[in-house]
Amino acid sequence: MSASKLPFAALTLKQFLQRQKVLGIYRNLLRTIKQVPDEADRKYLRDWAREEFKRNKTAVEQDAIRMMITQADRHLEELQKSLALARS
């Protein structure tokens, strides 16, 4: 009989929830970037976001991950506020 059907690197509940939060921020960031009117700015921001998330993909230290989540939330809020001001 096989030991366990869980993959070797199964996530803990805390890690799973944290991963879902990161993916949510990433999706919201990309959705917000789609609202940027200038194509060149949109491409720059999309490439920047993808590169940042790829670069930090292998992070494992919980404190560093929490800091990056907070920083990403701030970037997202700042971008949303900038877009709202540009529309008004």
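Quick notes on this one:
- Whether a residue is in a loop (DSSP other than H, G, I, E, B) and not small (Gly, Ala, Ser) was assessed, and VAL22 does not pass this test.
- Identity of the residue in the range 71-85, surrounded by 11 or more Cβ atoms within 10 Å (Cβ to Cβ) and not acidic (Asp, Glu), that ends up nearest to the chain's Cα centre (by Cα): ALA72
- Whenever a residue of the range 64-79 is within 18 Å of TYR44 (Cα to Cα), its partners that are in a helix (DSSP H, G or I), lying with C-beta atoms within less than 6 angstrom and at least six residues away or across chains, give the pairs ALA72/ILE25; LEU76/ASN28; LEU76/LEU29; LEU79/THR32.
- Subset of the range 23-63 [open to solvent by 50 Å² or more (accessible area, probe 1.4 Å), under 11 Å from the mean Cα position of the chain (by Cα) and not aliphatic (A, V, I, L, M)]: TYR26, ARG27, ASN28, ARG50, GLU51, GLU52, PHE53, LYS54, ASN56, LYS57
The values are calculated or read from the model by the stated rules, or taken from the named source; none is laboratory data. Since this is a predicted model, take the numbers as computed values, not measurements. Glycine also receives a Cβ, built like all others from the backbone with ideal geometry; neighbour counts cover every protein chain displayed. Heavy atoms of the whole protein, side chains included, go into the accessibility calculation; ligands, DNA and RNA do not. Shrake-Rupley method; radii C 1.70, N 1.55, O 1.52, S 1.80 Å.
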